[in-house]
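Student: The structure follows.
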Amino acid sequence: MFGLPVVRIAWAAGSLLLAGVAFTFPIKALNITPDFGSSITSNANAAQIEGAINSAIGTVDGLYSPNNVSITVDFSYTPGAPGNLLTTHEEFYGYTYRAYTNALKADSAANPLNTNLATAVANLSNGNDSDGASRMAIAYAQALLLANYGLATPAFVINASININSDQPFDFTRPVPSNQYDAIGGLEHELDEVLGGGGPGSTLNEILNNCTTNPTNFFCGSFGPTDLYRYSAPGIPTFTTSGTAASYLSIDGGLTNVVDFNQNSRGDYGDFAPPGAGAAQLIQNAFNRTGQDEAYTINSPEFLMEEAVGWDSTAQVAAPEPGTLVLFGTSLLSLAALRRWRNFFGFAAVMRILYAPF
């Protein structure tokens with residue numbers, strides 16, 4: 001693979017005072033470095049393909065800029081299976097529920113402007129795995145993010161890889177005509193998944209496909225990060241592969257339906273259910289039509305999803321609710337104890353796919 005040089009970052013010290021406790025942290029930046037494979041660099045349209053990739057990375061880096069995470073993602077442009085648009089291969093790591101949620105709480109305490117995370121953390125007791133009996137399976141980039149807040153740093157590092165299906169009619173620039181797929185939107189979809197949202201946010205795909213025949217599979221008995229925000233009604237979490245089940249993303253205990261999750265077994269359960277005919281296309285839809293996707297902004301449901309699993313943004317400036325700082329400040333007091341709970345349970349590799357409609 002041919003790649004760009006990794007950008008070195010100079011950190012400056014800052015501090016935050018919460019509940020009488022001073023917490024020093026670096027000025028941070030999310031850096032996703034693309035590694036373009038020969039299938040891209042030798043292509044006659046290499047400049048356009050690389051431009052689309054850089055555009056998608058620029059959007060994601062910009063939305064979640066204040067996070068101390070640097071990763072490299074390998075990109076390729078090769079034929080894929082019929083119906084596939086883009087695919088992502090990445091690594092997943094296992095942690096205890098307590099270690100994972102303690103890291104989320106520490107993240108929230110250090111970043112009080114992320115009110116979506118504060119709301120999500122405050123409602124964990126209403127969601128799946130609230131008793132902590134099951135472990136969490138999370139993607140490498142999210143594990144690397146939460147390692148800044150007490151989670152064990154992943155022991156194995158393998159770059160995520162994204163392939164664009166060269167058999168599909170993609171437009172690598174915008175505006176996108178109605179007879180082609182939006183490459184930039186598709187790449188933003190896959191980069192969301194590299195960060196741990198979308199398909200990788202749920203373990204339901206692996207449970208459906210592997211756990212009946214192989215109950216010792218890494219994902220069996222585990223939840224993903226957005227599975228903790230998966231509801232069928234207020235106060236009623238859901239975790240099922242039933243095609244007729246109600247399932248939606250909610251960070252306030254099911255009171256607010258942000259967006260419906262996909263329950264079609266042909267797509268990723270952690271992705272969103274496609275809207276009706278004629279509706280705009282969300283970045284994280286499980287199935288995608290031709291034409292241009294919606295712009296990825298702080299008003300997108302994808303933005304709320306990523307903030308709720310720990311990715312912070314300078315774009316969200318709403319003040320936290322009264323009492324929020326006191327509520328989460330105690331997690332900093334126990335940071336030393338939290339670090340003793342950095343349980344790590346190994347890793348597994350998985351492929352995620354964005355599909356064309358069928």
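Student: Quick one: is residue 167 at positive phi, touching a residue at least 40 places away in the same chain (Cβ under 8 Å) and in a loop (DSSP other than H, G, I, E, B)?
Tutor: no
Student: Of the residues that sit in the range 34-86 and are in contact with a Phe, Trp or Tyr (Cβ under 8 Å, 6 or more places away or on another chain) and of a type in the set (D, E, K, R), which one is farthest from residue 187 (Cα to Cα)?
Tutor: 35
Student: Out of all the residues in the range 208-232, which are surrounded by fewer than 21 Cβ atoms within 10 Å (Cβ to Cβ), in contact with a strand residue (DSSP E or B) (Cβ under 9 Å, 6 or more places away or on another chain) and over 22 Å from residue 303 (Cα atoms)?
Tutor: Scanning the range 208-232 gives 217, 221.
Student: Could you identify the single residue in 206, 190 that is under 17 Å from residue 218 (Cβ atoms) and assigned to a helix (DSSP H, G or I)? Reasoning before the result, please.
Tutor: Numbers: 190 fails: under 17 Å from residue 218 (Cβ atoms).
After ruling out the rest, the residue left standing is 206.
Student: Can you name the residue in the range 264-281 that is modelled with pLDDT of 95 or more and assigned to a loop (DSSP other than H, G, I, E, B) and is also farthest from residue 224 (Cα to Cα) among such residues?
Tutor: Restricting attention to the range 264-281, the residues satisfying the condition of being modelled with pLDDT of 95 or more are 269-272.
Applying the additional criterion that residues be assigned to a loop (DSSP other than H, G, I, E, B) yields 269-271.
Values: 269: 11, 270: 9, 271: 12 Å.
Out of the qualifying residues, it is 271.
Student: Residues in the range 96-119: is at least one surrounded by fewer than 16 Cβ atoms within 10 Å (Cβ to Cβ) and either modelled with pLDDT of 95 or more or among the acidic types (Asp, Glu) (or both)?
Tutor: yes
Student: Please go through the range 144-159 and give me each residue that is touching a helix residue (DSSP H, G or I) at 6+ places or on another chain (Cβ under 9 Å) and closer than 17 Å to residue 224 by Cβ, ordered by number.
Tutor: Passing the criteria: 145, 146, 151, 154.
Student: Take residue 100 and decide whether it is closer than 15 Å to residue 145 by Cα and touching a residue at least 24 places away in the same chain (Cβ under 8 Å).
Tutor: So residue 100 passes the test.
Student: If you take the residues in the range 130-167 that are over 30 Å from residue 106 (Cα atoms) and in contact with a Phe, Trp or Tyr (Cβ under 6 Å, 6 or more places away or on another chain), which one is surrounded by the most Cβ atoms within 10 Å (Cβ to Cβ)?
Tutor: 164
Student: To continue, here is another question. Output the residues belonging to the range 288-317 that are within 17 Å of residue 111 (Cα to Cα) and of a type in the set (A, V, I, L, M).
Tutor: Within the range 288-317, 298, 304, 305, 308, 309, 315, 317 qualify.
Student: Moving to a separate point now. Pairs under 9 Å by beta carbon, first residue on the phi > 0 side of the Ramachandran plot in the range 279-305, partner modelled with pLDDT of 90 or more and outside any loop (DSSP other than H, G, I, E, B), six or more apart or different chains?
Tutor: Note: pairs meeting the criteria are 291/181; 291/182.
The values are calculated or read from the model by the stated rules, or taken from the named source; none is laboratory data. What you see is a predicted model, and the numbers here were worked out from it, not measured in a lab. As a convention, Cβ positions derive from the backbone with ideal geometry for all residues, glycine included, and neighbour counts pool all protein chains shown.
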